[in-house]
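This report concerns only the one structure given below.
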Amino acid sequence: NGTVNEIGEPLTVNVPTSYRTGVEFLLGAYITSWLKWDGNLTLSRNQIKDYTEYYTVYDEEWAEEPEQYKQHFKNTTIAYSPGVIANSLFSFRYKSFTAGLQSSFVGRQYFDNTENKDKSLDPYFVNNLRVGYGFKLKGLKSLSVDFIINNLFDEEYESNGYGWSYYNRDSEGNMNLTNERFYFPQAGINFMTNLTLYF
């Protein structure tokens, strides 16, 4: 929550009142004998009813002030708790040929419990494609080759990140908030091939 101990290590606390509530939908259906669709959708609300965040304050010469600034929040979203998660999988199978299109959507995630959009992961939507073929070979039960394209549409996104905030007091006594943000970007379109032997 932004507080630190006497040697500057960050401290964590248990919030007194919070809740998570939501619903998940699962559905699977054969569109045809060779095409199946599976999907799930999770909608949730993840809230802290009362929360206090503490900020380090620096003066105009960047010296740390002894007292932290604190800000109170009501009904704020819990960190790293997207309100929407959805997945879809189309599976195709015809004789020895298989294919699958997997799609995933993850809603906005905040780095901390202040629900600050400047410290958050943008929602992202990613698709992966897999195609495969199975062979019958003498001496083997079967051999299968799969070609996988991850991030099919070359989406630019980050799946994780972190950040923190602090205040700087200028010579006139005004408090200015700075949000530090760091992200873990994911790979663009990338490929992989699997070769599986069954004895």
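Data overview
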read-out	value
Residue list for region 1-30, filter: open to solvent by 100 Å² or more (accessible area, probe 1.4 Å) and part of a strand (DSSP E or B)	Pro10, Arg20, Glu24, Phe25, Leu26, Leu27, Tyr30
Region 167-196 - residue that is among the acidic types (Asp, Glu) and open to solvent by less than 80 Å² (accessible area, probe 1.4 Å) and, of those, farthest from Tyr55 (Cα to Cα)	Asp170
Selected residue (criterion: farthest from Thr3 (Cα to Cα)) from residues of region 160-196 that are hydrophobic (A, V, I, L, M, F, W, C) and touching a Ser or Thr at 6+ places or on another chain (Cβ under 8 Å)	Leu195
Selection from region 163-199 of residues that are over 30 Å from Tyr133 (Cβ atoms), in contact with an Asp or Glu (Cβ under 8 Å, 6 or more places away or on another chain) and not in a loop (DSSP other than H, G, I, E, B)	Gly163, Trp164, Ser165, Tyr166, Asn168, Arg169, Asn176, Asn179, Arg181, Tyr183, Phe184, Pro185
Test: residue in region 130-149 that is of a type outside the set (A, V, I, L, M), open to solvent by less than 50 Å² (accessible area, probe 1.4 Å) and within 23 Å of the chain's Cα centre (by Cα)	no
Odd one out for Tyr157, checked against (1) in contact with a Ser or Thr (Cβ under 7 Å, 6 or more places away or on another chain); (2) surrounded by 15 or more Cβ atoms within 10 Å (Cβ to Cβ); (3) hydroxyl-bearing (Ser, Thr, Tyr)	(1)
Residue in region 76-87 that is surrounded by fewer than 16 Cβ atoms within 10 Å (Cβ to Cβ) and farther than 20 Å from Lys119 by Cα present	yes
Test result for Val106, touching a residue at least 12 places away in the same chain (Cβ under 8 Å), open to solvent by 30 Å² or more (accessible area, probe 1.4 Å), within 17 Å of the chain's Cα centre (by Cα) and over 25 Å from Thr178 (Cα atoms)	no
Check on Phe153, at pLDDT 90 or above, under 23 Å from the mean Cα position of the chain (by Cα), of a type outside the set (S, T, N, Q) and not in a strand (DSSP E or B)	yes
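A quick yes/no check of all residues on (1) more than 20 Å from Glu158 (Cβ to Cβ); (2) at pLDDT below 95:
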residue	(1), (2)
Phe90	yes, no
Lys95	yes, yes
Leu101	yes, no
Gly107	no, no
Glu115	no, no
Ser120	no, no
Tyr124	no, no
Asn127	no, no
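The values are calculated or read from the model by the stated rules, or taken from the named source; none is laboratory data. What you are looking at is a predicted structure, and each value in this text was computed from that prediction instead of being measured. Note that each Cβ is placed from the backbone with ideal geometry, even for glycine, and that neighbours are counted across all protein chains shown. The area values use the complete protein model at the heavy-atom level, side chains included, leaving out ligands, DNA and RNA. Shrake-Rupley method; radii C 1.70, N 1.55, O 1.52, S 1.80 Å.
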